[in-house]
Amino acid sequence: MSDVGKSLAAVIESARSGFERLAGRQVEAVSAVNRQDGGWRLEFEVVELARIPGSTSLLGTYEIRVDHDGEVLEYDRVRRYYANRADEEA
C-alpha cells in the first residue's frame, strides 16, 4: 500500500466488514470518521435489539479504531439508546 493508504471509502468498507465479522452485528450507519495518528477512528450505529415498532429498538454506538488500511485494531461500545431517543444524551 502507498504512503497515503486507502481512500476513505475503502477504509470505511474495510472497517465495517471487519467489525461485523468480529462483533457479529450489522452496521446500520457510519456516524463519524476522524483521522488519527496511525489510522482512523470511526463510530458505527448498530441495532442491538430490534423491536416492533422500530422506534422502540435498542441501538448502540461503537467506536472503532483502525489502521491506515482499515484493519480493525479495537472497538468499544460507547453508548446505548432507544431509537426514539436518539438525540438525547445517554
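All of the numbers you see were taken from the coordinates with simple rules; none came from a lab. Just so we're clear, the structure is a prediction, and the values are computed from it rather than from any experiment. Virtual Cβ from ideal backbone geometry, glycine too; neighbours counted across all protein chains shown.
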Query - Value of Rg/Rh across the chain [Cα atoms, Kirkwood radius] - result: 1.03
**Report entry** Candidates GLU45, GLU71, GLU13: whichever shows maximal mean-square fluctuation once the chain is modelled as a Gaussian network with Cα springs under 10 Å
**Finding:** GLU13
Report task. Under a 10 Å cutoff between Cα atoms, tell me which one of ARG79, ARG35, ARG51 has the largest fluctuation in the Gaussian network model of the chain. Result -> ARG51
Query raised in the report: Which of VAL30, VAL72, VAL46 moves the most in a Gaussian network model of the chain with Cα springs under 10 Å?
Result: VAL30
Report summary line: So the angle from the long Cα axis of helix 8-23 to the longest Cα principal axis of the chain, reported in degrees to the nearest 10, equals 60 degrees
Query - VAL47-LEU8 FRET efficiency (beta carbon distance; Förster radius 30 Å; 0.05 resolution) - result: 0.80
Query raised in the report: What 222 nm value per residue comes from the helices of the chain, counting each DSSP H run with n ≥ 4 as -39,500 (n - 2.57) and dividing by all residues, nearest 500 deg cm²/dmol?
Result: -6000 deg cm²/dmol
Query raised in the report: For GLU20 and GLU74 in one chain, what is 0.36 nm times their gap in residues minus the Cα-Cα distance, to one decimal in nm?
Result: 18.2 nm
